[in-house]
Amino acid sequence: MATSAVDGGGNSSVGGEDIKFSVMVSLFQWIQKSKSSAQKRSKFRKFLDAFCRKPQDNFAAMRLILPGLDRERGSYGLKEHVLSTCLIDALAMSRDSDDARRLLNWRKGGPKTGSNAGNFSLVAAEVLQRRQGMASAGLTIKELNDFLDHLASSENRAEKTSILSDLIRKTNAQEMKWITMIILKDLKLGISEKSIFHEFHPDAEDLFNVTCDLKLVCEKLRDRSQRHKRQDIEVGKPVRPQLALRVSNASAAWKKLHGKEVVVECKFDGDRIQIHKNNSDLNFFSRNFLDHQEYAHGMSDVITQNILAEKCILDGEMLVWDASINQFAEFGSNQEIAKAAREGLDSDRQLCYVAFDILYVGDTSVIHRSLKERQEILQKVVNPIKGRLEILVPNGGLNAHRLSGKHAL
């Protein structure tokens, strides 16, 4: 079994030693079945009040409820296809068995997949019910977090399979269904992240948005009755990116705008990257708050020489510019070109960062200023270099040299 995480004094820093995972499974099932949003929120609050008695219990629970926001744990490297093969091996199934085919072909309907086709976790639960006992071995939240930490840090598929095999022996089929959903970071509870944050603490969402640190939120906001002073963003700590709200059609979008002045921008197909510059120190944070230092070799000199502020935070898209055809390359070549830059290989293709917003400059956050004001600041801070460092603003940057009726470049 995986060893538990400890702090420098040798005391457990994980929490959840006294909370059975079966209790959390009951919470998940109740929330998922309830149709009332108020009931879902109330049940979650009661769970926190009844079971998360110690401060460290909050993070132990919250990282399982909001697995996509947990920066403390690395990537599992387990999407559905790889996870299915690991489960097949962990259950010692033949690859030609009907259950193995159900897992491998989970997306497809038909006699080999059953009625749950398209939902990997339900297909996995259906298979596990036939091969796993119904009794729980009493796995605690702390033990599950230890297992998941070990799963994320394991370097090969054989080790991951061994960990999953241990988990299967410690759980029943219902518990494993929810564990697969935690691994895939999609619980499908029907309760918004915003609601979960609000029930945890009124200031939790605001603090997370400017720190992207779930553990910090749980540690600072352990007392729900004590309000937290609004914290500003900092260079070197990722800021939660603003994302578009999905609506059903264009008419619904216009209604949301309430007749306000709007800006329609070109959508670039690259990696959403937030650049944090502190003199010569650079971070390249993704929308999942990971620092992609593989971009440093290809972009550091361009950024330090052409971003005129010593400290700033830019929001934008990392793309690949193809000089041979004078346009951006197709999606999916970023990592290849970043590797070529790191190895010093010459190519007509090069990394190019398109900044469309600025969140911080000098020693001041500008996140609460209007978009128009931020775009004016952006044009003063960034010295554009064609095909390497660009800006996107309504009447400047890439839009200034596009042909009439054409997208930028």
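Annotation: of all residues in the stretch 186-209 being in a helix (DSSP H, G or I), crowded, with 19+ Cβ neighbours inside 10 Å and in contact (Cβ under 8 Å) with a residue 60 or more places away in the chain, the one that is nearest to the chain's Cα centre (by Cα) is PHE208.
Scanning the stretch 276-287 for residues that are surrounded by fewer than 22 Cβ atoms within 10 Å (Cβ to Cβ) and touching a Leu at 6+ places or on another chain (Cβ under 9 Å) yields a count of 1. Here VAL320 does not qualify as more than 25 Å from the chain's Cα centre (by Cα), β-branched (Val, Ile, Thr) and within 20 Å of ILE275 (Cα to Cα). State yes or no: is HIS150 surrounded by 16 or more Cβ atoms within 10 Å (Cβ to Cβ), over 19 Å from VAL23 (Cβ atoms) and in contact (Cβ under 8 Å) with a residue 24 or more places away in the chain? Criteria met by HIS150. All conditions but one from (1) exposed (fewer than 11 other Cβ atoms within 10 Å of the Cβ); (2) touching a Gly at 6+ places or on another chain (Cβ under 7 Å) apply to ILE273; the one that does not is (1). Please tell me if SER136 is in a helix (DSSP H, G or I) and open to solvent by 10 Å² or more (accessible area, probe 1.4 Å). In short, no. The set of residues in the stretch 216-233 being open to solvent by 30 Å² or more (accessible area, probe 1.4 Å) and at pLDDT below 90 consists of ARG222, ASP223, ARG224, SER225, GLN226, ARG227, HIS228, LYS229, ARG230, GLN231, ASP232. Of (1) surrounded by 15 or more Cβ atoms within 10 Å (Cβ to Cβ); (2) modelled with pLDDT under 95, ILE183 satisfies all except one. Which? Unmet condition: (2). Can you pull out the residues in the stretch 101-131 that are at pLDDT below 80 and either buried (at least 22 other Cβ atoms within 10 Å of the Cβ) or under 22 Å from THR171 (Cα atoms) (or both)? Result: ASN116, single match.
The values are calculated or read from the model by the stated rules, or taken from the named source; none is laboratory data. The shown structure was predicted, so the numbers you read here are calculated from the model rather than taken from an experiment. For neighbour counting, all protein chains shown are included, and Cβ atoms are generated from backbone atoms with ideal geometry for every residue, glycine included. Only protein heavy atoms, including side chains, enter the accessible area calculation; ligands, DNA and RNA are left aside. Shrake-Rupley method; radii C 1.70, N 1.55, O 1.52, S 1.80 Å.
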